[in-house]
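Below is one structure, written out as structure tokens; comments come after it.
Every number here is computed from the coordinates shown, using simple stated rules; none is lab data. Every value quoted in this text rests on a predicted model; they were computed, and no experiment measured them. FYI the Cβ positions are ideal-geometry reconstructions off the backbone, even for glycines, and counts take in every protein chain you see.
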Amino acid sequence: MDKVKLYLKYRKKSYFLKAILFISLFIIVILVFGPPKYYVVPILSMITVFGISEFVEYKRWKKDKY
């Protein structure tokens, strides 16, 4: 559990920046292509991509640090 807390502390700024990036891209896509019929699909896809990218980054960080 200490590794996870250390990782979250290490990545706090990146979480904030990545969340802002995803939200801004979502707004830009809505402005360009129009609102989607169902908002669930783009929101869930953004959450999935965010989770996968953080999992890959955590594995890379864990391999480098330990």
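Structure above, values below:
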item	result
Residue ID - farthest from the chain's Cα centre (by Cα), chosen from residues in region 26-66 that are under 15 Å from residue 11 (Cβ atoms) and surrounded by 11 or more Cβ atoms within 10 Å (Cβ to Cβ)	62
Inter-residue pairs, beta-carbon under 7 Å, first free of Cβ contacts under 8 Å to residues at least 12 places away in the same chain and in region 52-66, second exposed (fewer than 10 other Cβ atoms within 10 Å of the Cβ), 6+ apart	none
Candidate set from region 2-11 (those that are closer than 17 Å to residue 51 by Cβ and either among the basic types (Lys, Arg) or within 16 Å of the chain's Cα centre (by Cα) (or both)); member that is surrounded by the fewest Cβ atoms within 10 Å (Cβ to Cβ)	8
